[in-house]
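Enquirer: Sending over a structure as C-alpha cells; questions will come in a sec.
No lab work stands behind these numbers, since they all come straight from the coordinates. No experiment lies behind these values; they were computed from the predicted model shown. So basically every Cβ, Gly included, is an ideal-geometry build from the backbone, and we count neighbours across all protein chains shown.
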Amino acid sequence: MKTVLVTGGAGFIGSNFVKYMLDQHKDYKIVNLDLLTYAGNLENLTDIEDNPNYEFVKGDIADRSFINDLFEKYHFDLVVNFAAESHVDRSIENPEIFVQTNVMGTQVLLDAAKNLWQTGKDENGYPTYREGVKYLQVSTDEVYGALGKTGMFTETTPIQPNSPYSSSKAGADLLVRAYGNTFKFPMNITRCSNNYGPYQFPEKLIPLMISNVVELKNLPIYGDGMQIRDWLHVKDHCSGIDTVLHKGRLGEVYNIGGNNEKANIEIVDLIIANVKEKLSKNQYNGIDTDASTISDDLKIHVEDRLGHDRRYAIDNTKITTELGWSPSYTFEQGIVETIDWYLNNQDWLKQVKSGGYQEYYEKMYSKK
Ligand code: NAD
Ligand code: DAU
C-alpha cells in the first residue's frame with residue numbers, strides 16, 4: 001500500500017483529487033493535510049470521510065517542526081502539494097500570506113520529503129532516494145504571464161508572472177526545479193489552466209456568477225470582459241495529475257489544459273441563459289427565484305483588476321503525446337453539469353457563504 005500526502009485536500013481541486021484517488025487507487029492510503037483557511041471546507045469530503053483509506057490532519061505546510069513530525073509518522077511515498085492561497089484578487093490586497101504559504105510552505109515540504117526519502121549519496125555526491133517516491137507540485141499556467149491574441153504556453157515558455165499570486169506560485173516552482181537539479185530530488189511540476197466544477201469557492205468567476213444570478217444580484221464583470229481563460233473540468237485536472245504522478249518522467253514540467261478558450265463575458269452570458277432555463281423548468285430545493293426576472297440587465301462592468309492578464313492558453317502537446325492523457329469533458333457538457341451541481345447544492349453554497357464571505361464580498365466589490 002502506498003501512502004500519499006495530499007496537501008490542501010479540503011479546497012476545491014484538492015477535495016476532488018482526494019476522492020478521485022480513493023476511487024482510482026483502492027490500495028492507496030490518502031492523508032489530507034489542510035489548514036482549513038477560509039477556502040478549506042471539510043463539507044467537501046463528507047461522502048468519503050469514513051473511508052478506511054482516508055485520514056484528515058489539520059495543519060500548516062509552513063510549520064516546519066509539525067511537517068517534519070508528520071513525515072516521520074506516515075513515511076509518505078508520494079506527495080501532491082495543492083495547499084496554497086489561490087485567489088488573485090486577494091493577493092493584490094494582501095501579498096504577504098501568498099509568499100508565506102505558497103513559497104515558504106513549499107520549501108518546508110521539499111525539505112521534509114528530501115530528508116525522509118534520502119537513502120545515501122552517489123559517487124558524485126548527489127543524494128539517492130527510496131525507490132518509487134515522488135513529489136508533485138501543483139502549479140498554474142499563470143506563472144507564464146499573459147498572452148496576446150495569438151500563441152500558447154508551452155513548458156519552455158519563460159516564467160513571467162504578473163500578480164503577487166502568480167509570482168508566489170512561480171517562486172515555488174523555481175524551488176522545486178532547483179531541488180530537482182541540485183539534489184536530483186524526484187519531482188514533477190504540473191501547470192494547469194483555469195478549473196471549473198463542483199466545490200469551487202464562490203470568490204472565483206463561475207460559482208460567483210451562478211450564485212449571484214440565483215440571488216438576482218449584479219454580475220460584476222471586470223473591465224470589458226474580453227479577457228480569455230482556458231477552462232478545464234476539475235476532474236480532468238485530477239486525472240492529469242494522477243497521470244503525471246504515475247507516468248511523468250522525473251524532473252519534468254507538464255502543462256495540463258483542454259484547448260478551451262472562452263472570454264469571460266461568454267461565460268457570464270452562458271450562465272445567465274442556462275440558470276434562467278433551468279429555473280424555469282425545474283424546482284430546486286432552497287431556490288425560489290422567479291426565472292422570468294433573470295436577464296442580461298444583471299451584468300455590470302466594474303473597475304478592472306490591477307495588472308489583469310489578458311489571455312491564457314495552454315499547449316497540452318507534451319502530456320497528451322508523451323503520457324497519453326486527454327480530457328474527458330467537453331466544456332458544453334461540463335459547464336451545464338456544473339451549473340446543475342450548484343443549483344442542487346444550495347446548502348453547501350449557503351454554508352461556504354456564511355462566515356467571512358459577505359464581508360469579503362462587500363470589501364472587494366463595493367469599491368469597484
Ligand atoms: P483553494 O483555495 O480552493 O484551496 C486551497 C486549499 O489549501 C484550502 O483547502 C486551504 O485551506 C488550504 N491551505 C491554504 N493554506 C494552507 C497552509 N498554509 N497549509 C495547509 N493548507 C493550506 O484552491 P484551488 O483552486 O483548489 O487550487 C489548488 C491548487 O491548484 C493551488 O496550488 C492553485 O495554485 C492550483 N491551481 C488552481 C487552479 C484553479 O483554477 N483553481 C488552476 C491551476 C492551478
Ligand atoms: O489560470 C489558472 C488560475 O485560474 C489559478 O491558478 C487560480 O488559482 C485561479 O483562481 C484562476 O485565476 P483567475 O484569476 O483566472 O480566476 P478568477 O475566477 O478569479 O477570474 C477568472 C476571470 O474572470 C479573470 O479574468 C477575472 C474575471 N472576473 C473574476 C471575478 C471573480 C470577473 O470579471 N469578475 C469577477 O467577479
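Enquirer: Which residue, Tyr135, Tyr284, Tyr54, tops the fluctuation ranking in a GNM of the chain built on C-alpha contacts under 10 Å?
Expert: Comparing Tyr135, Tyr284, Tyr54 in a Gaussian network model of the chain, the most mobile one is Tyr284.
Enquirer: Shifting gears a bit: With springs only between Cα atoms under 10 Å apart, run a GNM on the chain and tell me which of Lys235, Lys26, Lys276 wobbles the most.
Expert: Residue with maximal mean-square fluctuation among Lys235, Lys26, Lys276: Lys26.
Enquirer: Could you go through the stretch 257-265 in sequence order and give the Karplus-derived ³J(HN,Hα) for each residue, using 6.51 cos²θ - 1.76 cosθ + 1.60 with θ = phi - 60°, rounded to whole Hz, and x for Gly and Pro?
Expert: Couplings: x, x, 6, 9, 7, 9, 6, 4, 5 Hz.
Enquirer: Give me Thr150, Thr338 sorted ascending by neighbouring Cβ count inside 10 Å, so fewest comes first. Display every interim value, and only then the final one.
Expert: Numbers: Thr150 7, Thr338 23.
Starting with the residue having the fewest Cβ neighbours, the order is Thr150, Thr338.
Enquirer: What order do you get for Phe331, Phe185 when you list them from fewest to most C-beta neighbours inside 10 Å? Walk me through the intermediate numbers first.
Expert: Numbers: Phe331 20, Phe185 24.
Least to most surrounded, the residues fall as Phe331, Phe185.
Enquirer: Amide H to amide H, which residues 5 or more places from Tyr129 or on other chains are under 5 Å from it, using H placed in the peptide plane?
Expert: Thr119
Enquirer: Considering only Pro207, Gly356, Tyr165, whose Cα is most displaced toward the positive end of the charge dipole of the chain, charges sitting on Cβ of Lys, Arg (+1) and Asp, Glu (-1)?
Expert: Tyr165
Enquirer: Next question. I'd like the orientation of helix 105-117 relative to the chain: the angle between its Cα long axis and the longest Cα principal axis, in ° from 0 to 90, rounded to 10.
Expert: Value to nearest ten degrees: 30.
Enquirer: Same structure again: Specify the residue with the greatest mean-square fluctuation among Trp117, Trp341, Trp325, computed from a Gaussian network of the chain linking alpha-carbon atoms under 10 Å apart.
Expert: Trp341
Enquirer: Additional query: Using the Cβ atoms and a cut-off under 10 Å, what net charge is assigned to the surroundings of Arg311, where Lys and Arg are +1 and Asp and Glu are -1?
Expert: Net local charge, Arg311 excluded: 0.
Enquirer: Follow-up question, since we're still on this one. Which ordering of Phe17, Phe66 is given by a fewest-first count of other beta-carbon atoms within 10 Å?
Expert: Phe66, Phe17
Enquirer: A follow-up question, please. Remind me, relative contact order of the chain in percent, using alpha carbon pairs under 8 angstrom and six or more residues apart?
Expert: Relative contact order for the chain comes out at 17 percent.
Enquirer: Starting from the amide H of Gly9, placed 1.01 Å from N in the peptide plane, find each other amide H under 5 Å away whose residue is 5 or more places distant or on another chain.
Expert: Amide H neighbours of Gly9, under 5 Å, 5+ apart: Leu33.
Enquirer: How much net charge surrounds Gln137 when only the other residues with a Cβ under 10 Å from the Cβ of Gln137 are counted, with Lys and Arg +1 and Asp and Glu -1? Intermediate values should be presented prior to the final figure.
Expert: Numbers: positive: Lys169, Arg177, Arg191; negative: Asp173.
Cβ neighbours under 10 Å give a net charge of +2.
Enquirer: Pull up all non-local amide H partners of Arg311: gap of 5 or more, or a different chain, and H-to-H distance under 5 Å with H placed in the peptide plane.
Expert: Here the answer is Leu147, Ile228, since their amide H atoms fall under 5 Å of that of Arg311.
Enquirer: As a check on your grasp of the helix formula, calculate [θ] at 222 nm for the chain: sum -39500 (n - 2.57) over DSSP H runs of n ≥ 4, divide by the residue count, round to the nearest 500.
Expert: Result for the chain, helices only: -12000 deg cm²/dmol.
Enquirer: Also: Please give the net charge around Leu175, taking every other residue with its beta carbon less than 14 angstrom from that of Leu175, where Lys and Arg add +1 and Asp and Glu add -1.
Expert: +1
Enquirer: If one computes the Cα centroid of the stretch 87-123 and of the stretch 284-341, what distance in Å separates the two points?
Expert: Comparing the Cα centres of the stretch 87-123 and the stretch 284-341, I get a distance of 29 Å.
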